[in-house]
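The values are calculated or read from the model by the stated rules, or taken from the named source; none is laboratory data. As the structure is a computational prediction, the values presented were derived from the model and not from experiment. Neighbour counts are summed over all protein chains in view; Cβ atoms, including those assigned to glycine, are modelled from backbone coordinates with ideal geometry.
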Amino acid sequence: RGELEGMAQTAVSQFMAKYGMRGVGEIDIGRPRWREDPTHIMQVLQSYLQIEDAEQAPTAVFRRGEQSAAAAASALETAALNTFAGRLKVKFIRKLVARVRELAGLRESPKFHIVQTMGIMRTGLLESGLQFATSGILKKQDDLFYLYLDELEAFAQNPKADWQALIAERRAVYDREMLRRQIPRLLLSDGRAFYEGLSAEVNEDGTIQGSPVSPGVVTGKVRVVL
């Protein structure tokens with residue numbers, strides 16, 4: 001790995017210091033973080049550099065979003081102003097808009113702190129894994145990620161037991177799964193994966209079954225089953 005030049009390296013370093021604990025598939029503590037493998041960030045930056053239309057640059061897109069949001073808020077105020085107690089409604093709308101802008105982003109806050117905590121845990125496991133790999137108890141630094149929590153507790157009590165066979169078996173399964181190119185259409189919480197969607201067929205009673213994937217308008221009665 002090399003380094004970027006000047007301000008670019010400084011900016012990326014500052015970004016990694018704050019967000020380096022995040023990563024692709026970050027909710028899985030076994031997946032590498034950006035600070036370990038910044039490939040994803042570098043690819044994103046490269047894609048920005050390949051943008052030829054200045055209006056499609058991230059800053060321009062963000063600016064248009066701000067303008068669109070301001071226009072929408074202004075339209076709400078104008079519509080409210082022409083109604084009963086319009087001035088009072090306008091003040092109320094302005095407060096609501098300000099609160100939405102300030103608080104909407106907080107929906108990401110819980111996950112951010114969870115991932116931040118997981119980043120600390122991952123660092124600790126990697127440091128321990130390196131020590132065990134150096135001493136020959138484990139083969140690789142990330143071997144501990146292939147053990148369940150109760151197994152980690154058992155490992156801590158008896159690290160010299162034969163854990164390598166179990167870890168190797170699970171690593172082989174993981175590597176095999178990573179070779180899959182087809183993404184499951186449905187993945188259940190118990191791990192079952194379904195690769196085929198619902199077939200588009202019409203029953204005798206006229207009910208249409210399928211996956212709604214195309215835009216359009218359909219008029220009729222809808223029954224939602226939860």
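Pick from 133, 161: which is out of contact with any strand residue (DSSP E or B) (no Cβ under 7 Å at 6 or more places or on another chain) and assigned to a helix (DSSP H, G or I)? Can you show your working first?
Details: 161 fails: assigned to a helix (DSSP H, G or I).
Step by step, each of 133, 161 is checked, and only 133 is out of contact with any strand residue (DSSP E or B) (no Cβ under 7 Å at 6 or more places or on another chain) and assigned to a helix (DSSP H, G or I).
Being of a type in the set (S, T, N, Q) and within 19 Å of residue 28 (Cα to Cα) is the filter here, so list the residues in the stretch 129-169 that pass it. Full working, then the answer.
Quick first cut of the stretch 129-169, residues of a type in the set (S, T, N, Q) only: 131, 134-135, 141, 157-158, 164.
The one that is of a type in the set (S, T, N, Q) and within 19 Å of residue 28 (Cα to Cα): 141.
Taking the conditions exactly as written (assigned to a helix (DSSP H, G or I), of a type in the set (Val, Ile, Thr), surrounded by 14 or more Cβ atoms within 10 Å (Cβ to Cβ) and in contact (Cβ under 8 Å) with a residue 24 or more places away in the chain), does residue 115 satisfy them or not?
Details: assigned to a helix (DSSP H, G or I): yes; of a type in the set (Val, Ile, Thr): yes; surrounded by 14 or more Cβ atoms within 10 Å (Cβ to Cβ): yes; in contact (Cβ under 8 Å) with a residue 24 or more places away in the chain: yes.
For residue 115, the condition - assigned to a helix (DSSP H, G or I), of a type in the set (Val, Ile, Thr), surrounded by 14 or more Cβ atoms within 10 Å (Cβ to Cβ) and in contact (Cβ under 8 Å) with a residue 24 or more places away in the chain - is met.
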Practice prompt. Given the conditions (1) touching a helix residue (DSSP H, G or I) at 6+ places or on another chain (Cβ under 8 Å); (2) without any contact (Cβ under 8 Å) to a residue 24 or more places away in the chain; (3) under 25 Å from residue 36 (Cα atoms), report the number of the one that residue 139 does not fulfil.
Written response: (2)
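Looking only at residues that are surrounded by 10 or more Cβ atoms within 10 Å (Cβ to Cβ) and outside any loop (DSSP other than H, G, I, E, B) in the stretch 187-202, which one is modelled with the highest pLDDT?
Taking the stretch 187-202 and keeping what is surrounded by 10 or more Cβ atoms within 10 Å (Cβ to Cβ), we get 187, 193-195, 197-198, 202.
Those left that are additionally outside any loop (DSSP other than H, G, I, E, B): 187, 193-194, 202.
On the way: 187: 78, 193: 75, 194: 74, 202: 50.
Per the criteria, the residue is 187.
Which one of these is in contact (Cβ under 8 Å) with a residue 12 or more places away in the chain and in a loop (DSSP other than H, G, I, E, B): 33, 94, 101?
Values: 94 fails: in a loop (DSSP other than H, G, I, E, B); 101 fails: in a loop (DSSP other than H, G, I, E, B).
So the residue among 33, 94, 101 that is in contact (Cβ under 8 Å) with a residue 12 or more places away in the chain and in a loop (DSSP other than H, G, I, E, B) is 33.
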Worksheet item: Among (1) at pLDDT 90 or above; (2) over 24 Å from the mean Cα position of the chain (by Cα); (3) within 30 Å of residue 97 (Cβ to Cβ), which single condition is residue 10 missing?
Response: (3)
